[in-house]
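Undergrad: First the structure, which I've put down as structure tokens, then a few questions once you've had a look.
Rule-based calculations on the coordinates, nothing more; no lab input. What you see is a predicted model; the values in this text were computed from it and never measured. Neighbour counts run over all protein chains shown; Cβ positions are idealised from the backbone, glycine included.
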Protein chains: 2
Amino acid sequence: MKARITVTLKNGVLDPQGKAIEHALTGLGFEGVDEVKQGKLIELDLTDSDAEAARARVTEMCEKLLANTVIENYAIELE
Amino acid sequence: MKARITVTLKNGVLDPQGKAIEHALTGLGFEGVDEVKQGKLIELDLTDSDAEAARARVTEMCEKLLANTVIENYAIELE
């Protein structure tokens with residue numbers, strides 16, 4: 001089973017990487033880009049076969065290691 | 001219109017970030033994690049209203065700035 005985790009900054013948290021990308025895009029002549037946010041994507045290959053158990057485990061991984069829940073949100077998709 | 005771009009390393013390209021996460025998860029006692037890949041997630045807020053035109057523009061942004069197409073793949077989702 002594969003898990004796909006997206007970690008994004010919470011609203012209101014400064015995102016200098018996103019700002020840098022926005023700036024670079026404008027510099028390259030791309031107009032009409034209002035806001036850019038950069039996040040992380042983590043793909044896990046799990047040996048679990050039960051989706052419920054896998055989701056619980058991945059949630060624990062996010063809380064303990066993969067996301068800083070003070071400033072970041074995470075979303076889990078299982079395939 | 002929002003665009004969500006995921007940038008991942010191509011197969012065969014070394015992924016030390018992924019390996020570090022895998023190692024840390026094992027260290028925390030999470031068993032059964034076979035492979036970990038870390039990628040980037042970029043969210044753009046575009047003023048375009050035409051999906052076709054937006055996709056073409058975002059593809060150009062990826063080719064020129066957002067992804068290093070020698071070692072990275074990218075996928076674009078529009079909402």
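Undergrad: Here is a check on your reading of the model: is A:ALA20 surrounded by 14 or more Cβ atoms within 10 Å (Cβ to Cβ) and over 17 Å from the mean Cα position of the chain (by Cα)? Please lay out each step first, then the result.
TA: Numbers: surrounded by 14 or more Cβ atoms within 10 Å (Cβ to Cβ): no; over 17 Å from the mean Cα position of the chain (by Cα): yes.
Spelling it out, it is not the case that A:ALA20 is surrounded by 14 or more Cβ atoms within 10 Å (Cβ to Cβ) and over 17 Å from the mean Cα position of the chain (by Cα).
Undergrad: Quick one: in segment B:43-79, of everything that is acidic (Asp, Glu) and part of a helix (DSSP H, G or I), which residue is farthest from A:GLY27 (Cα to Cα)? Working first, answer last.
TA: Our first condition is that a residue be acidic (Asp, Glu); within segment B:43-79, this holds for B:43, B:45, B:48, B:50, B:52, B:60, B:63, B:72, B:77, B:79.
This time we only want the ones that are part of a helix (DSSP H, G or I), so: B:52, B:60, B:63.
Values: B:GLU52: 23, B:GLU60: 14, B:GLU63: 15 Å.
Going through the qualifying residues, I end up with B:GLU52.
Undergrad: Given the criteria crowded, with 16+ Cβ neighbours inside 10 Å and either out of contact with any Phe, Trp or Tyr (no Cβ under 6 Å at 6 or more places or on another chain) or facing chain B (nearest Cβ under 8 Å) (or both), does A:LEU44 qualify?
TA: Details: crowded, with 16+ Cβ neighbours inside 10 Å: yes; either out of contact with any Phe, Trp or Tyr (no Cβ under 6 Å at 6 or more places or on another chain) or facing chain B (nearest Cβ under 8 Å) (or both): yes.
So A:LEU44 fits the description; yes.
Undergrad: State all residues of segment A:33-58 that are within 24 Å of A:ASP15 (Cβ to Cβ), of a type in the set (Val, Ile, Thr) and within 14 Å of the chain's Cα centre (by Cα); if no residue qualifies, say none. Working first, answer last.
TA: Filtering segment A:33-58 down to residues within 24 Å of A:ASP15 (Cβ to Cβ) leaves A:33-43.
When the remaining residues are screened for being of a type in the set (Val, Ile, Thr), the result is A:33, A:36, A:42.
Correct list: A:VAL36, A:ILE42.
Undergrad: Here's a check for you: in segment A:47-79, which residue that is away from chain B (no Cβ under 12 Å) and in contact (Cβ under 8 Å) with a residue 12 or more places away in the chain is surrounded by the fewest Cβ atoms within 10 Å (Cβ to Cβ)? Please lay out each step first, then the result.
TA: As a first pass, look at segment A:47-79 and keep what is away from chain B (no Cβ under 12 Å): A:51-52, A:55, A:68-71, A:76, A:78-79.
Next, from what is left, pick out any that are in contact (Cβ under 8 Å) with a residue 12 or more places away in the chain: A:51, A:55, A:71, A:76, A:78-79.
Numbers: A:ALA51: 12, A:ARG55: 16, A:ILE71: 11, A:ILE76: 17, A:LEU78: 16, A:GLU79: 8.
Across segment A:47-79, the extreme among qualifying residues is A:GLU79.
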